[in-house]
Structure formats: C-alpha cells, structure tokens
Amino acid sequence: MNASLQAFFAEMESLLMGRQTALEAEQALGPSPSGTQNFAFYRTLIDRNYHKTLRLLFPSIKVLAQRTREGLWTELVRGFVAAHPPRGCRDPNRLGATFSEYLAEVREAKSELPQILEELAEYHWIDYVARTSTNIADDDDGFERRLFIRQFSYPIPAFMRAVTADDAAEVPEPQPMLVVLYRSAVNGLVRITQPTAAGLAALAKRQALPLPPALAELDEAHVALADTKFVEMGVLTQQSTEPGAED
Amino acid sequence: MADEFKGVGIGLRHEHFDEILETKRRVDWLEIVPENYVDIGGRASRILDACLERWRVIAHGVSVSLGGPDPLDEDYLRGLLRLCDKIEAPFYSDHLCYSAIDGIEFLDLLPLPFNDEAVEHSAQRIEAVADRLERQVLVENITYYATMPGSHLQPGAFVTAVAEAADCGLLLDVNNVYCNAKNHGRDPMTMLFELPWERAKQVHLAGHLEEGPRLLDNHGAPVVDEVWAMYRALLEKAGPIPTLIEWDTDIPALDRVLDEADRARAIMDEACPGWEREP
C-alpha cells in the first residue's frame, strides 16, 4: 500500500472515530468532490451504527439511561466506543463484550450510574453469548461459552422481563441472587436456573474448583444427585468418564 | 441441496427462521451473511443445516474489507473457507470497500478513493482472498454518499479497473447504482452500464430510505419502480443473472419478501424467455 493510501486511512480513522472534523480531514487529504457536508456524513453513519448495535444488544440499559438523564445514553455509547475501540468485532454484536466493564468504570468515576446497569449489561451479554457460541463437543460443559454462573446484587432476570414489558418498570430493591444461565445441551434453548448448594458444589466439581468449607461438607450423594439433575436439564453434559478418573 | 444456482433467491434472516422451513412457496436459493455463521453455533447453525437439505446456499460477506488497510484475517478466512466448502458455495462475494482500520470495525461499508492506488491495492487483496477461499470472488458495487478525497476515476471506471486487475466477478447491486445516481446527480441507467456488467454473476435488488437530501441504502423497503426498470434493462442486455431480494431492516413477513422474489422472477421470464431451461 502506498503512502497516499496509508495517509487516507489514517485520516479517515480519525474522522470516523470523531477525533477530527471532516474539514480537518480535508485539509490533510484535499477536498471531497462531494463537499464537506456529504463527506462528514460518514462520521454520522458510524456513530449511528454503534448506537444501533448497542441499543439492540442492551435495550434495558438504554431505557434506564434515558430515565436517569436525557442524553446519558448517547454519552455512554460515545464514551464506550472511545474508551474501548471496537476491535475484532467482525460480528457487530461482539462490540458489546466489554460494555458491562465500561459501565462499572463510569460508575466508579462518577456515582451517577446505578450498579444495576452493569449487572443488566452482563446479563444481556451472557445471554447473547450463550445463544450464539459455537457448537460445543458433547462431553464439554462449555463454561463461559454456553454456561454461565453469576452472582447479582439485584433480581436481574425478573427486572429484565419487567422493563422489557414496561419502560417505566420500577428498579427493584437490592436482593442478591445466584443465576445459572445456559443453552441447554438437551434442546438448545437458553434458560436460567437458581442452583441449590448441592448444585453449586456439582458445578464447582465439574470445573475442578476447590470447594469452600460450607460446600465441602455436603453429602457426596446429594452433590451427585444435583449433577444428574443438571444433566437431565441440559445445564451440564453427560461425561464420558467419571469425574476425577482422568489423569 | 438443489444443484443449480439460478433464478431468484432471498437472504436467510433470523426473523424468518420460524417460517422459512415451513414455506410452500418457491425459493430458488438462499444467501447467508457468513459472519453470522462462521464459528457461531446454536439455533442459526441448526437452521442453516436444515436449509441446506432443501436449497442451494451462497455466502455474501460484509467484513473481509477487500480494500482495507489491515492484513487479511487469516483465522477468519480459514473459518470462511470451511463454511464455503460446507455449503458448496460456487463463489464468495463481498463489497468493494473497507470496513476496518487498525483493527477498529466501523460496522459499515466505506468507500475507497476512486484512484489507481486503490485499484492496485484492492485487486491484490481480492486475488489473495480468492486464493485463500479456493473459489472466485465477486465484488459488489457499494453505495457511496461522498466521493473520497484523492479520487480521479468515475465510480464505474473504478469498479471496472478493479474487476479487470483482479479478474474477479461482479455482484451488481442495482439499488446501489440507483441511490448513487440520485445522490450524485447522475442518470441511473448510464451509471448502471458504466459498471462491468458483463462480469455480473449475481444481482442484488433492495429498497432504500429517503432521508433529507440522500437516499440511504438501508434494505428496509420494497424495490422501487425505477430499480425494477433498471433490472429489466440489465437482464435484456446481459441475460438471466441469479438475483437476490435483500431485506435487512424493518424485515416483513417472509411472504412479503417472496412477493418481491416472484416479481423479479416474472421480469426474468419476460426479459429472458426460456431462462429456466438453459443449462
């Protein structure tokens, strides 16, 4: 690629990401034969693309942001794209991978944002990933691809349903809850469940994680039963070997 | 899977997943956006497998960035090759544009400057992609809302120069030509035949959105009469070219999209009598 084409792309990146105006880009590259206003339209298009993608991925965040303050949603989208440039998101939805993380960063910097936003964003995201992650081998549980365990401080699934039905749905009081979100290995449908203590122990054992004392004291038979139940539900897969049998 | 790739197809969209396998209406083939299927599982993957039992499926990409500055994504191209092999795609099509710079994806099809440097650069990359995918590449003429600084060629001459340099095929999007003509004050029919139409192996038809002074190529409305007229003129000159109805925004029920496909097929019947019997 020659120098003039390199310069073109460098100036366009700056324009499209909103770091310079169309006029500034034209000063470096020469005028667009279509005029500055038409040239500048490309920045508008790209801004719209990021807004649309994030709105479709995180509809409840947009609703709550707009309720918090007029213009906050646009600030969040533009701030997010500037802070987390959308690299590697050939699937446009991958743009949302770090949105929850960004919302947490903003909340820590200024207290305007409620914590529920980042938890909702995380829930939207794992739901998307569970629906679309590549097909996984029959004996692979697919943690963090098909199967997610999350601790939330609000009743996120119920509030998500409420705000989807009614933009004015009231934000609930904090209520810690543990959620297992999974794409069923049995029927391919995405579901959630709340695990029992024995279920948690079964999930931990599948990942070869050390059990905290309260779970380590559970009856092995109960944990095995929970594992079997999870296999029936499609949360976990049928293992071809007994847990711990492999070296 | 049907062997022949001819007639009129539609895009496989998730909004139609529930309907497509049930339809009794005629669908000659399906086109997928491979970015929605490469290394993606779940329902989309299952529906694609079911569709392959019934229809020929081709792949039309949006993100390889054929004219872009970044190195080709070899991992993605390997996945794309696997998908193209799986669906037995006769070719791979993508847009004559760029969509990323320095890894940043703009989620759009952005115009290159219409000049010799961009011709040479794009042609080299198209040849490389054809090599990686082990099949011919078709480039689609895109909509452009502004001519980029540094351009000295007309858009049709630019597409022709790239297609000749890369010896690739053309995916001729008639609505894009129409939008470009209207947005840049040119005659649509003249712009249509300035493209290397003899290389066209597929046609796209879609609707657009009028927004202020511009026509936006949003694929969110029926095909307009002027575009149908251009399509007829193209077929009368070029013969039957497999044609896709694109509808990607405000997607209606499947039957409405199939109505558009029927209209395209009727025009193909009138413009190219006997096309269905041709080998």
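Structure summary
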{"quantity": "Relative contact order, percent, the stretch A:34-100 [alpha-carbon distance under 8 Å, six or more residues apart]", "calculated": "33 percent"}
{"quantity": "Peptide B:195-205 - average C-beta neighbours from other chains (10 Å radius)", "calculated": "0"}
{"quantity": "Pairwise burial A:B, computed as accessible area of each alone minus the pair, summed, 1.4 Å, Å²", "calculated": "3600 Å²"}
{"quantity": "Cα pair distances exceeding 21 angstrom across the stretch A:29-116, given as percent", "calculated": "37 percent"}
{"quantity": "Flagged links, alpha-carbon separation over 32 Å, of A:52/A:110; A:52/B:182; B:86/B:237", "calculated": "B:86/B:237"}
{"quantity": "Chain A: relative contact order as a whole-number percent, Cα under 8 Å and 6+ apart", "calculated": "12 percent"}
{"quantity": "Ranked by how many other beta carbons lie within 10 Å on average, peptides A:80-90, B:119-129 from highest", "calculated": "B:119-129, A:80-90"}
{"quantity": "Per residue Cα convex hull volume in Å³ - calculated over the protein assembly as shown", "calculated": "175 Å³"}
{"quantity": "Full-stretch length increase - residue A:66, residue A:191 - with 0.36 nm per residue and alpha-carbon distance subtracted", "calculated": "42.1 nm"}
{"quantity": "Spin-label model distance (nm) - residue A:107 vs residue B:134, 7 Å beyond Cα toward Cβ", "calculated": "5.0 nm"}
{"quantity": "Gained length - residue B:211 relative to residue B:184, 0.36 nm times residue gap less alpha-carbon distance", "calculated": "8.3 nm"}
{"quantity": "Mean residue ellipticity (222 nm) of chain B, computed from DSSP H runs ≥ 4 via -39,500 (n - 2.57), nearest 500", "calculated": "-12000 deg cm²/dmol"}
{"quantity": "Cross-link partners of residue A:229 among lysines (Cα-Cα below 16 Å; sequence separation of 8 or more within a chain)", "calculated": "A:205"}
{"quantity": "Simple spin-label estimate for residue B:256 and residue B:116 in nanometres, 7 Å along Cα-Cβ", "calculated": "4.9 nm"}
{"quantity": "Chain A, accessible area per residue, ligands and nucleic acids excluded (1.4 Å, Å²)", "calculated": "51 Å²"}
{"quantity": "Linear extension gain, residue B:46 paired with residue B:88, 0.36 nm per residue minus alpha-carbon span", "calculated": "13.4 nm"}
{"quantity": "Sequence ranges B:261-270, B:158-167, ranked by mean other-Cβ count within 10 angstrom, highest first", "calculated": "B:158-167, B:261-270"}
{"quantity": "GNM flexibility winner over chain A from A:178, A:215, A:57 (Cα, springs under 10 Å)", "calculated": "A:215"}
{"quantity": "Straight-distance crosslink candidates among aspartates and glutamates, where the alpha carbon sits under 14 Å from residue B:6 and sequence neighbours closer than 8 are dropped", "calculated": "B:28, B:31, B:262, B:269, B:276, B:278"}
{"quantity": "Length-normalised contact order for the stretch B:8-277 - Cα pairs under 8 Å, 6+ apart - percent", "calculated": "17 percent"}
{"quantity": "For residue A:128, solvent-accessible area (1.4 Å; no DNA, RNA or ligand), Å²", "calculated": "30 Å²"}
{"quantity": "Choice from A:110, A:229, A:62 with maximal GNM fluctuation in chain A (Cα, 10 Å cutoff)", "calculated": "A:110"}
{"quantity": "R0 of 25 Å, Cβ-Cβ distance residue A:171-residue B:221: FRET efficiency to nearest 0.05", "calculated": "0.05"}
{"quantity": "Using a Förster distance of 35 Å, the FRET efficiency for residue B:26-residue A:56 (Cβ separation, nearest 0.05)", "calculated": "0.65"}
{"quantity": "Net charge over other residues, Cβ less than 14 angstrom from the Cβ of residue A:60 (K, R count +1; D, E count -1)", "calculated": "-3"}
{"quantity": "Over the stretch B:119-172: Rg over Rh, Cα atoms, Kirkwood Rh", "calculated": "0.99"}
{"quantity": "The stretch B:70-191: mean projected area of Cα convex hull, nm²", "calculated": "7.8 nm²"}
{"quantity": "Square roots of five times the Cα gyration tensor eigenvalues for the stretch A:85-146, Å", "calculated": "27, 14, 8"}
{"quantity": "Packing rank of B:196-205, A:45-54, A:167-176, B:61-70, where each peptide gets the mean count of other beta carbons within 10 Å, highest leading", "calculated": "B:61-70, B:196-205, A:45-54, A:167-176"}
{"quantity": "Heavy atoms of residue B:251 accessible to a 1.4 Å probe, total area in Å² rounded to 10", "calculated": "40 Å²"}
{"quantity": "Point-to-point label distance, residue B:127-residue A:217, nm (Cα→Cβ direction, 7 Å offset)", "calculated": "7.4 nm"}
{"quantity": "Inter-chain shielding of B:148-155 (mean C-beta neighbours from other protein chains, 10 Å cut-off)", "calculated": "5"}
{"quantity": "Normalised alpha carbon radius of gyration of chain A [divisor 2.2 N^0.38 Å]", "calculated": "1.30"}
{"quantity": "Rg followed by Dmax, in Å, when the stretch B:8-277 is reduced to its Cα trace", "calculated": "17.7, 51"}
{"quantity": "R0 of 30 Å, Cβ-Cβ distance residue A:37-residue B:236: FRET efficiency to nearest 0.05", "calculated": "0.20"}
{"quantity": "Peptide A:42-52, shielding by other chains (average Cβ, 10 Å cutoff)", "calculated": "3"}
{"quantity": "Computed P(r) (all Cα pairs; the stretch B:33-116; 10 Å bins; percent)", "calculated": "16, 45, 28, 9, 1"}
{"quantity": "Charge context of residue A:200, other residues only, Cβ under 12 angstrom, K/R +1, D/E -1", "calculated": "+1"}
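The values are calculated or read from the model by the stated rules, or taken from the named source; none is laboratory data. The model shown is predicted, which means the values in this text are computed figures rather than measured ones. Heads up, the Cβs are rebuilt from the backbone with ideal geometry, glycines too, and the neighbour counts pull from every protein chain shown. Just so you know, the surface numbers come from the protein's heavy atoms only, side chains and all, with ligands and any DNA or RNA stripped out. Shrake-Rupley method; radii C 1.70, N 1.55, O 1.52, S 1.80 Å.
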